[in-house]
1. Could you please find all residues in region B:272-295 being farther than 19 Å from residue B:70 by Cβ and modelled with pLDDT of 95 or more?
2. Of everything in region A:1-42 that's near DNA strand D (Cβ under 9 Å from one of its atoms) and in a loop (DSSP other than H, G, I, E, B), which residue is surrounded by the fewest Cβ atoms within 10 Å (Cβ to Cβ)?
3. When only residues in region B:43-52 that are loosely packed, with under 13 Cβ neighbours inside 10 Å and not in a loop (DSSP other than H, G, I, E, B) count, which is nearest to the other protein chains (Cβ to nearest Cβ)?
4. Would you mind stating whether residue B:262 is outside the structural domain of residue B:213 (by TED's automatic domain parsing) and open to solvent by 10 Å² or more (accessible area, probe 1.4 Å)?
5. In this structure, does residue B:74 turn out to be at negative phi, outside the structural domain of residue B:144 (by TED's automatic domain parsing) and more than 12 Å from DNA strand D (Cβ to nearest atom)?
6. Residues that are within 11 Å of another protein chain (Cβ to nearest Cβ), within 28 Å of residue B:89 (Cβ to Cβ) and touching a Ser or Thr at 6+ places or on another chain (Cβ under 9 Å): which strands (runs of 3 or more DSSP E) entirely in region A:53-161 hold 2 or more of them?
7. It is to be established whether one or more residues within region A:145-161 are in the same structural domain as residue A:84 (by TED's automatic domain parsing), open to solvent by less than 30 Å² (accessible area, probe 1.4 Å), within 30 Å of residue B:53 (Cα to Cα) and touching a Gly at 6+ places or on another chain (Cβ under 8 Å).
8. Can you name the number of the only condition in (1) open to solvent by less than 70 Å² (accessible area, probe 1.4 Å); (2) assigned by TED's automatic domain parsing to the domain that holds residue A:194 that residue A:314 fails?
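The values are calculated or read from the model by the stated rules, or taken from the named source; none is laboratory data. Because the structure is predicted, anything quoted here is derived from the model rather than measured. A quick note on method: Cβ atoms are made from the backbone with ideal geometry, for glycine too, and the neighbour counts reach across all protein chains shown. For the accessible areas, the whole protein counts, side chains as well, though only heavy atoms, and no ligand, DNA or RNA atoms are used. Shrake-Rupley method; radii C 1.70, N 1.55, O 1.52, S 1.80 Å.
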Number of protein chains: 2
Amino acid sequence: MATANIKEVARHAGVSLGTVSNVLNRPDTVAPATRQRVLDAITTLGYVRNDSARQLRAGHSRTVAIVVLDVANPFFTDVVRGAEQVIEASGAMLVVCNSGEDSARERRHLELLEEQRVRGVLITPVGHGPQPNLDKLIDRGIPVVLVDRGTGRANRCSVAVDDVLGGRLAMDHLLDQGHQRIAYLGGPVSIAQVADRHAGAAAALKERGGTAELRVAVTGSLTVAAGRRAAEELLALPARQRPTAVFCANDLLALGVLQELTARGLRVPADVAIVGYDDIEFADAAAVPLSSVRQPRDQLGRTAAELLLEEADSGDTHRHRHVVFQPELVVRRSSDQPRRTRR
Amino acid sequence: MATANIKEVARHAGVSLGTVSNVLNRPDTVAPATRQRVLDAITTLGYVRNDSARQLRAGHSRTVAIVVLDVANPFFTDVVRGAEQVIEASGAMLVVCNSGEDSARERRHLELLEEQRVRGVLITPVGHGPQPNLDKLIDRGIPVVLVDRGTGRANRCSVAVDDVLGGRLAMDHLLDQGHQRIAYLGGPVSIAQVADRHAGAAAALKERGGTAELRVAVTGSLTVAAGRRAAEELLALPARQRPTAVFCANDLLALGVLQELTARGLRVPADVAIVGYDDIEFADAAAVPLSSVRQPRDQLGRTAAELLLEEADSGDTHRHRHVVFQPELVVRRSSDQPRRTRR
DNA sequence: TATAGCGGCTAAAACGTTTCATCCATTCTC
DNA sequence: GAGAATGGATGAAACGTTTTAGCCGCTATA
């Protein structure tokens, strides 16, 4: 009933308190007979270690946190699963926190995590400006690894996919298909990925030097619902201004756009082509299979976790690293139809 | 740099240690001038509470855990978001643990959570047999709420959706459409939802008393990939035995089946009708919009969290409750085509 | 004027571990 | 056979809070 503690176990086994601790942490330093007596006491009393006390003594906990922009986004759930593998294999525990693309919630989570003296934090930050909260964690000696963000900051590791390149790939593809009026859909712009993918697309357009134009439509979030709303707005444009292709900052938006367009009777890709980003599992299963820029999602998580553990273990000798993966364009039906250039 | 503690704050502010604690926990009991001095000291020293010590003293933590079968399943992510709302509003923190439908991992997580003396646990257990791990938690006084599981166990609350009814709804619908050879796809059978939905389907079939038959195909997990594999197997059957409708234990399976069937040139619903379960956001965006049994996902999470907090707060006076929601069939194109009964 | 009450603060105990210096009894070394 | 080394166990300190009993000086009450 009442939770037994290490002292009761010691009394029950007729040994000292320190010996019980040794059985728990350095079993080989205690004689087999004694060890067995202690283990028996533990099971009969139903003793379970008290982690708070352990942590208090150790000065830090054995949990690692990952703070994501959206738990419901399949991109992040895959990243989480990748990180989970590595963290759990090391005997630690991964806790998932959801900032919901809201910097106030992000801050609150970081404060709580700091109070908990977590072993380290994997995070995809909401903004791309200075990050006082993160700097505070780092000052306190808590390792931080940026996920899906490749800032060259010197005081932390990062794992990212080249979003500018991803934007280029998508844009080049749409230009190759002969599109002249292209929309980029994404938001909020405070999210660095949204900005970078746009930058890549804009750069590709400029380098081509053609007559094609890129219109930007800003959304409030990166969700299916936001995609539907944005599509409605695009449809409200006069036909001559309406884009013939939409490049979306992620697949959820793209799926939303696809849903809304087909619901309104437009054909994809004949009337409007769509390219998404992330290549989540559902992209391939969509009404019209979705072209998308693929990222190595679980590897992102795994690598981030490895960097974190490395830093946490090696302490001062650690050198921060910035790993960048290359994205890859997967063309499927939603954009697979060349368009005759008019005018 | 080195983390300041409450003692240094006290020294810096020229007060006793207990006063600092009062400023933190009962600000109104300390004189405004003193309070301000302490607050100043806190900010200049960058003091952050040490949660381990606080927990050690309190005897339990302020975090609540939710253990789900699959973090990447949109059904669970929605449940998590619902629970999150309630838990965070109460000032606690929700940590998400992933059992991955694996009872060994589930056990490990529960052990860790017990060591952490969490405030409570929301869980969708892997098996449906006796649950020694959970009983142990409950013995220790940690409230447990079963999510999406309606066992009438007396020692815990539960929140569930009537899965037997859900199975019935799906089956009745397919029978109404005139299907004679129907497959139920789901697994592993140790998952109670899988078993209950099947039971409902079987019961509906029996009550109808017709000549229709229900074939069960067991999958290894409830994922898109498992659905694709299962579809392959169905396709390997001789045409005369091949089912004309598939009822899947969840939408991920259903999407997998849909992908594989269309990839192999079969038409849905003309050749094979499909009904899924959960009505996740992607069901509506699928290649062929998916009929599905809808559950109030975030409400499930919210209610579970509310029951948990109620139990955690009210202690002994708490009466366990079992809330059951009703599912609802949403018919979309994947099953919306009556089939002429042959023979 | 004595006393009770009160606001504001302090000092010390307690929470349950882990670790470190010690100690004891044995065995080994020469 | 004396001393050193070794294996095995012990006791106490320390980690940073929260809480409780109590103290002090002041005001209100009789």
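1. Matches in region B:272-295: B:272, B:273, B:274, B:275, B:291.
2. For region A:1-42, the residue satisfying everything is A:31.
3. My answer is B:43.
4. Here the answer is no, as residue B:262 does not meet what is asked.
5. Numbers: at negative phi: yes; outside the structural domain of residue B:144 (by TED's automatic domain parsing): no; more than 12 Å from DNA strand D (Cβ to nearest atom): yes.
In short, no.
6. Working: elements: A:63-68, A:93-98, A:120-123, A:144-147, A:157-161.
Ranges flagged: A:63-68, A:93-98.
7. yes
8. Tallying (1) open to solvent by less than 70 Å² (accessible area, probe 1.4 Å); (2) assigned by TED's automatic domain parsing to the domain that holds residue A:194, residue A:314 fails exactly one: (2).
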